[in-house]
1. Once neighbouring chains are kept in place and the probe is 1.4 Å, which whole percent of the accessible area of the chain is contributed by carbon and sulfur?
2. Taking the Cα centre of the chain as the origin, how large is its charge dipole in debye, to the nearest 20, when only Lys and Arg (+1) and Asp and Glu (-1) carry charge on their Cβ atoms?
3. Along its principal axes, what span do the Cα atoms of the chain show, with the longest given first and each in whole Å?
4. Which of A47, A55, A21 ends up with the largest GNM mean-square fluctuation for the chain, with Cα atoms connected below 10 Å?
5. So with the 1.4 Å probe, I'd like the accessible area per residue for the chain, rounded to whole Å².
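The values are calculated or read from the model by the stated rules, or taken from the named source; none is laboratory data. The shown structure was predicted, so the numbers you read here are calculated from the model rather than taken from an experiment. Positions of Cβ are generated from backbone atoms using ideal geometry, with glycine treated the same way; all protein chains shown enter the neighbour counts. To get the accessible areas, we keep the full protein, side chains included, count just its heavy atoms, and leave off ligands, DNA and RNA. Shrake-Rupley method; radii C 1.70, N 1.55, O 1.52, S 1.80 Å.
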Amino acid sequence: MSTQTNIQLGKIISHTVKSGASRLHLEPGSKPIIRVDQKLIPLDEEAVVNEEFLADITKIILTEE
């Protein structure tokens, strides 16, 4: 995982937790979106998610199996 991906993911997760969000939505071509009290809130201060970012974080979460 690249340093930039690590920094970006840390910021997104931190904001998600601080907001008390129940969900984090990541989709290529869109800004991250969190769900707070059944409302979807885009994280406008974050960069648009791209496929490389999602591939990097997928490698962390999933094993080859």
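1. 52
2. The calculation lands at about 340 debye.
3. Rounded to whole Å, the extents work out to 35, 25, 19 Å.
4. Of the options given, A55 has the highest mean-square fluctuation.
5. 74
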